[in-house]
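In what follows, a structure is listed as structure tokens, so that the remarks can point back to it.
The numbers here are math on the coordinates, done by the rules we state, and not lab data. Keep in mind that what you see is a predicted model, and the values were worked out from it rather than measured. Methodologically, a virtual Cβ is constructed for each residue, glycine included, from the backbone with ideal geometry; neighbour enumeration extends over all protein chains shown.
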């Protein structure tokens with residue numbers, strides 16, 4: 001028990017007259033849940049010792065006949081929740097088992113993230129990984145959707161419509177610049193520092209907010225926080241936002257691009273001046289591991305059927321298992337505008353925000369670790385570098401692509417999952433549960449008539 005941290009949190013309770021303690025945790029698929037406890041004497045001490053029991057089967061973690069689990073607050077994540085009327089101190093929670101030792105639950109995403117960082121150091125000698133996410137999302141002022149036995153529809157209304165390039169559009173055409181300004185100030189209250197924000201290429205209200213680099217666990221926490229904050233902030237303003245990869249036909253999709261590098265002895269471990277993209281051999285091995293395992297990674301980085309409506313060849317979507325400088329069609333792009341050795345990194349472009357961020361980032365890190373350990377050279381593997389259009393006729397027969405749908409991603413995971421089991425991180429039980437959940441989603445959508453099918457076939 002960290003007594004200094006405990007005192008700091010108890011001081012917050014007194015200073016802000018906190019009346020409620022809130023514990024937050026995502027389920028296996030990434031949905032956020034919470035439980036709230038009224039403040040009582042020594043409540044944090046009690047929670048650290050006893051925790052709060054909950055039904056793990058309802059989170060997709062355990063079978064119903066053995067589902068009791070425990071939530072323990074991580075005091076380092078304390079934040080005042082501005083969306084609660086009653087003064088509330090919120091924490092992310094770690095998940096423990098109900099055995100005598102109160103063992104960490106091996107499928108808890110936050111536990112996996114910590115274990116993955118430790119494995120990075122043990123297996124590669126690198127100290128830590130650093131991640132900078134880009135959040136793409138749409139803002140609508142009206143949304144309706146439903147699916148029933150005899151009806152299925154969606155309808156969105158937007159306040160923006162561009163007839164020229166919407167990328168970095170200025171006001172008054174950028175209707176939501178004030179929304180993004182206020183959202184950035186709000187995120188700062190949550191401890192999330194924003195690098196910049198702007199209008200994205202989508203002509204019907206697409207936005208982007210990019211945040212600064214943090215380590216794996218904090219980045220995954222921040223992804224959950226950003227979504228929580230933006231969903232609530234939009235609701236307060238009678239707006240609707242979505243991170244869906246492809247919410248509209250013939251409009252750009254939403255990605256969750258992840259900028260990534262690693263450090264050793266407080267220096268960028270991927271940097272070497274004069275090499276391609278200023279990325280050294282260690283960085284290239286890391287890239288090689290990610291690209292080699294890219295199809296299997298898709299089961300965690302792009303885990304929805306909607307993900308693959310964004311990942312369509314022929315557009316700017318990052319569908320090619322290649323890397324290059326400033327090449328946005330490649331899965332991995334090395335930003336050409338970066339001159340600072342400490343900021344040299346590459347960007348993994350396929351992920352989207354339907355992912356469980358803890359599983360997504362951990363899986364990517366494990367692929368990179370495997371690349372470094374087994375010296376997977378992306379050049380020798382044929383992954384690049386490519387600086388020309390990857391859809392060029394001279395290249396199309398030499399390039400591998402990401403899966404075309406979720407079923408193909410799950411098939412790739414079935415064949416290639418050994419790298420996920422490094423350090424016993426992804427258990428067979430976790431993989432089986434994940435695949436079962438995703439196969440049920442595929443089955444449900446596969447048996448549901450699509451509205452467009454009525455146009456195609458109703459009168460045929």
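Rounded is the label for the chain. Its Cα gyration tensor axes, ordered a ≥ b ≥ c, give a/c under 1.5.
Taking a ≥ b ≥ c as the square roots of the eigenvalues of the Cα gyration tensor of segment 224-278, is the shape rounded (a/c under 1.5), prolate (a/b larger than b/c) or oblate? Oblate is the answer for segment 224-278, as a/c is 1.5 or above yet b/c matches or exceeds a/b.
Relative contact order of the chain: what whole-number percent is it, with Cα pairs under 8 angstrom and at least 6 residues apart?
Relative CO of the chain lands at 14 percent.
Calculate the length of the line joining the C-alpha centroid of segment 92-159 to that of segment 172-196, in whole Å. Centre-to-centre (Cα) distance: 22 Å.
Rounded to the nearest 500, the 222 nm mean residue ellipticity of the chain from helices alone is -10000 deg cm²/dmol, with -39,500 (n - 2.57) taken per DSSP H run of at least 4 residues.
As a rough footprinting exposure proxy, the listed residues 197, 400, 293 were ranked by other beta carbons within 10 Å of their own, and the order from fewest upward is 400, 197, 293. Using 0.36 nm per residue and subtracting the Cα-Cα separation, the extra length available between residue 27 and residue 84 on full extension is 18.4 nm. Quick one: check the C-alpha center-to-center distance for segment 1-53 versus segment 203-278, whole angstrom. That distance is 27 Å.
For segment 367-441, what class follows from the C-alpha gyration tensor (a ≥ b ≥ c being the square roots of its eigenvalues): rounded when a/c is under 1.5, otherwise prolate if a/b is larger than b/c, else oblate?
Numbers: a/c = 3.95, a/b = 1.48, b/c = 2.67.
Oblate, since a/c reaches 1.5 and b/c is not below a/b.
Note on segment 73-117: Cα-Cα pairs beyond 12 Å make up 67% of the total pair count.
Each of 450, 158 has some number of other Cβ atoms within 10 Å of its Cβ, and from fewest to most they run 450, 158. Extension gain for residue 443 to residue 11 (0.36 nm times residue separation, less C-alpha to C-alpha distance): 150.4 nm.
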